[in-house]
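The values are calculated or read from the model by the stated rules, or taken from the named source; none is laboratory data. Please read these numbers as outputs of a predicted model, since none were measured by experiment. Heads up, the Cβs are rebuilt from the backbone with ideal geometry, glycines too, and the neighbour counts pull from every protein chain shown.
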Amino acid sequence: MRTKLILGTAMALFAAGPALAEDMVFTSWGGTTQDAQQEAWAVPFAADHAGVNVLMDGPTDYGKLKAMVEAGSPVWDVVDVEYDFAVQAAKEGLVEPVDFNVVDRKAIDPRFVTDHAVGSFYYSFVLGYNEGASSEPPASWADVFDTDKHPGKRAFYKWSAPGALEIALLADGVAPKDLYPLDLDRAFAKLDAIKGDIVWWGSGAESQQLLASGEASLGQFWNGRLYALQQEGAPVGISWAQNLTAADMLVVPKGAKHKDLAMQFLARATSPEGQAKLAELTAYAPVTPAAQKLMDEATVKGLPDQHTEGQIDLDMAYWADHRGEIADRWYAWQAQ
């Protein structure tokens, strides 16, 4: 269900009848991350743009985005997507070029900006675990596959193979420098060994629930979701060993009804202030380097870019080229 962020007296007007303000829609992955994006970006954006409401929708659904664009009637204006999908979507003509007369391209880390997308945040897949699930905390991806030493269910991200296949190969002894091109047969064979012990999460909020409730003992998580659980006092731990980095990107669907507003929203989201606030709320790293100057030292120390020893960058160019073929095998394997 779509939730609405409506500021000031516009709430009463919206409830009383047809909206008098201009409604733009921001779509992301839900849970604590989207709550943070709402607070860091949408609230101040609406406050600075009289008569504009920012509505929240989600979770992001690539099939839905593509269907909207192909039908010529996208209802989303800005969408948070994974980096490899942003690259693929640009190739397929599904997203608008970014207006860099509005968005300051030079202020963004060049790793996290393309002609059709700008960074949302920079994150790591890390090994998360329930602190009471085994006698000693897991320390490496190999521990995820050791069901004797670490009993219980393993949580893995359902909707995207990037990360999961690399985790399987690293656990099987593949050196980071030898990961790409991925040995798919070897990765799936490794995952076969624990397939019956996997529980799948499709959203960040679901991943948090699985771990905090104890339904999953350990597994693959976004670092910011574990940070949020720890802030709430949940008994969960993090291993940064061989953390896998990637970035989410912000795109504007082709034919978006509020394209001009969407570009202004991208400018706000990638501003030092917007990125600093998001990082403080989520523990995801900012894509705008100047943001760190606005953050306190304790927050900066908990960001993925402070855990670079053994860190591995997911090859998003590889995934953009092979997403379709690998996805077919990934989902077929899940269904078997």
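Cβ-Cβ contacts under 8 Å between residues 6 or more apart (or on different chains), taken from a first residue in the stretch 308-336 that is more than 19 Å from Pro176 (Cβ to Cβ) to a second residue that is of a type outside the set (A, V, I, L, M) and exposed (fewer than 14 other Cβ atoms within 10 Å of the Cβ), are listed as Ala320/Lys91. Considered as a group, the residues in the stretch 61-88 that are under 21 Å from the mean Cα position of the chain (by Cα), surrounded by fewer than 22 Cβ atoms within 10 Å (Cβ to Cβ) and not hydrophobic (A, V, I, L, M, F, W, C) include one that is farthest from Asp23 (Cα to Cα), and that residue is Gln88.
Which one of Phe265, Phe221 is within 19 Å of Trp330 (Cα to Cα), of a type in the set (Phe, Trp, Tyr) and touching a helix residue (DSSP H, G or I) at 6+ places or on another chain (Cβ under 8 Å)?
From the options Phe265, Phe221, the qualifying one is Phe221.
Okay, residues lined up against (1) over 22 Å from Thr308 (Cβ atoms); (2) in contact (Cβ under 8 Å) with a residue 60 or more places away in the chain; (3) surrounded by fewer than 17 Cβ atoms within 10 Å (Cβ to Cβ); (4) not assigned by TED's automatic domain parsing to the domain that holds Leu278:
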position: Leu94; (1), (2), (3), (4): yes, yes, no, no
position: Phe100; (1), (2), (3), (4): yes, no, yes, no
position: Val103; (1), (2), (3), (4): yes, yes, no, no
position: Lys106; (1), (2), (3), (4): yes, no, yes, no
position: Pro110; (1), (2), (3), (4): no, no, yes, no
position: Gly132; (1), (2), (3), (4): yes, yes, yes, yes
position: Ser135; (1), (2), (3), (4): yes, no, yes, yes
position: Asp143; (1), (2), (3), (4): no, yes, no, yes
position: Thr147; (1), (2), (3), (4): yes, no, yes, yes
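Scanning the stretch 284-310 for residues that are out of contact with any Leu (no Cβ under 8 Å at 6 or more places or on another chain) and not in a helix (DSSP H, G or I) turns up Val287, Thr288, Met295, Asp296, Gly302, Leu303, His307, Thr308, Glu309, Gly310. One residue stands out among those in the stretch 89-117 that are within 19 Å of the chain's Cα centre (by Cα) and of a type in the set (Gly, Ala, Ser): the one that is nearest to His258 (Cα to Cα), which is Ala117. Checked against the criterion of being in contact (Cβ under 8 Å) with a residue 12 or more places away in the chain, small (Gly, Ala, Ser) and within 30 Å of Val52 (Cα to Cα), the candidates Ala262, Ala234 yield just one match: Ala262.
Filtering Ala212, Ala205, Ala216 for residues that are within 30 Å of Asp305 (Cβ to Cβ) and crowded, with 23+ Cβ neighbours inside 10 Å leaves a single hit, Ala216. Quick one: how many residues across the stretch 250-271 are closer than 30 Å to Ala298 by Cβ and either in contact with a Pro (Cβ under 8 Å, 6 or more places away or on another chain) or modelled with pLDDT under 95 (or both)? Final tally of qualifying residues: 1. Filtered by the rule that a residue be among the polar types (S, T, N, Q), touching a Phe, Trp or Tyr at 6+ places or on another chain (Cβ under 9 Å) and farther than 23 Å from Gly119 by Cα, the stretch 208-252 gives Gln208, Gln209, Ser217, Ser239. Is it true that some residue in the stretch 277-288 is surrounded by fewer than 22 Cβ atoms within 10 Å (Cβ to Cβ) and under 19 Å from the mean Cα position of the chain (by Cα)? Checking the stretch 277-288: at least one residue is surrounded by fewer than 22 Cβ atoms within 10 Å (Cβ to Cβ) and under 19 Å from the mean Cα position of the chain (by Cα).
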